[in-house]
Every structure is written in structure tokens, then in C-alpha cells.
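One structure is given here, and the rest of the page talks about it.
The values are calculated or read from the model by the stated rules, or taken from the named source; none is laboratory data. Everything numeric here is computed off the predicted structure, so don't read it as measured data. All Cβ positions, even for glycine, are placed from backbone atoms using ideal geometry, and neighbour counts span all protein chains on display. Only protein heavy atoms, including side chains, enter the accessible area calculation; ligands, DNA and RNA are left aside. Shrake-Rupley method; radii C 1.70, N 1.55, O 1.52, S 1.80 Å.
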Amino acid sequence: MNRKILVAGFTAIAFLVIVSCSEDNSCDLQCPPDCPDPSQAIDVLVVTALVYPVMADMIPGPLEDTGFLPAESKIEQFALLDTARALVIPTLEFLQQYDAILIFTDAWPIDNPGLGAFDTIGNLMADYVDAGGGLVICQYAVSGWSAGIRGRLFSPGYAPLINGPIVPGQGDRSIVMDSIDFPLHPVFYEIDLDGLGLPVDLHLCYPELDETAILLVEDDQGTNAMAINSNGNIIGLNMYFKPFAFPDDYTETVKLVANSILYVADCP
């Protein structure tokens, strides 16, 4: 079947789902990731652990430019590594100021903080979720490599994509249409699936699917590309942050991240 015809079919199905949701004013896994009141702003925290911390500055602008987040929403940043590349752990009280957290890690510094640091961060993020927060976890936090996050966050029922092997990167990936279930999950709301690309850095993660999670899509290189936990408050997205450096080339990908943030934020 022609891919453009298939995508058009996806869009039609998504429209029917949206109508059915709006009629009874209820929301479940099949509704658009949008607040009933579009004026309901959300607060988002971008948490990073990057070799080059300045790269985190690329993330907020493209997210705001999608127009998907409600007006007056705030996007702020927190670096797990300070300018001296020492580990900085926020408090749970600090994290609870935010409706959702987007996590990007690239690599720890040469003076590795030790495995206990991975557990500390993972435990804290699990506490944040238990307290009502939502998470979107991206590469390389979903890997078993040096930038992986462990601890209670990677126990069953939490992170939907868990540590797996890493291989040399082989270019951008596209999604496998046959791997998407119908009706469309709301993270795909208003996304041109045919134009959705998932970039790779020098390495590609092959995360495993948590035993309780729901796989949303696979990519053409055979990875679990995106999944959500059974509670609907954590999304794993196997994607490098390149779209925020080149948002004009990855418009649909940035929109997907924005939709994911909206979904886990669980607008009242």
C-alpha cells in the first residue's frame, strides 16, 4: 500500500477518535494530548547530563515554536552536571514544581560519578512520578551505556524502555507503519507520520520493553522506538536530541516530543 495513502487513513482515524472523545468530554489513551482548557499552562523541566552542557540551550526554543504547548507554559532547565562536571542532584521538592520532565543524557564526564549516581537519579525520578509528575525519557537515558539512568525508575511499571545494548549508529531512522496500533495514540496527534524521522548520534540504543509497558512504535532499524508505561505517566523515546539543533529538518519529531510532554503532564 502506498505510504501516503496509509498516512491519510491514519489521519482520518485520528479525526474520528477526536470527535468521539469530545462528545462525552472524557479522555483516555485515545484522546488528543491537549488540555480541555487551552489557557491551562504547564511547567516543564528539561533535565540534562551532557558532555557539552551548552547544547541544552537548544531544546526549549523549538518546543515553544511548535505551538503545541498551552500559552504561557514555561520551559526551564536543570543540568545534572555543573560547570566543573560534578554531579548535581535536585531535591524532590524542586522537581515537584513542574508538571513534566524531559530527560536527555549524552555521556558522563571522564571522572565518572560512579554507579551509585545512576541509582540516585533513577530513584529520585521514580519518587517524582509517584508524587504525580510525568516523565519523557530520551537517549541515552534509556541505554545501558555510560549515560544510562538506573535505580527504581527502571523497575517494572516505571520506565517503559529499559537498558539494552548499543551499536554504532547507522543514520536516521523512520517509523514502521505496521507497528502502530489503531486508533492512533494521542502522542501522534497532528503528526505527519510520513515525515517523522528519529535521528541517531554515533551510537544507537536497542532498549528492551518493560514487561508492563505498551510499545507505541518500532523503527526501521529494529529498535523499540517509543513506549509508554501502564500508568500513562512515563514515555520512553529512543531518540537523540539532534532535532532541537536542526528543528527545521525535524519538525514532526519536535512535535512528537511536545505531544509526549503534554500527555504525561496530564492536564487537569
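On the accessible surface of the stretch 164-268, probed at 1.4 Å, how many percent belong to carbon and sulfur atoms?
Carbon and sulfur atoms account for 46 percent of the accessible area of the stretch 164-268.
Round to the nearest 0.05 the FRET efficiency obtained for Asp82 and Asp220 when R0 = 41 Å and r is the Cβ-Cβ distance.
According to the calculation, E is roughly 0.60.
How far apart, in nm, are the 7 Å Cα→Cβ label points at Ile89 and Asp248?
4.4 nm
Any idea what the relative contact order of the stretch 173-241 is, in percent, if you count C-alpha pairs under 8 Å spaced at least 6 apart?
Relative contact order here is 34 percent.
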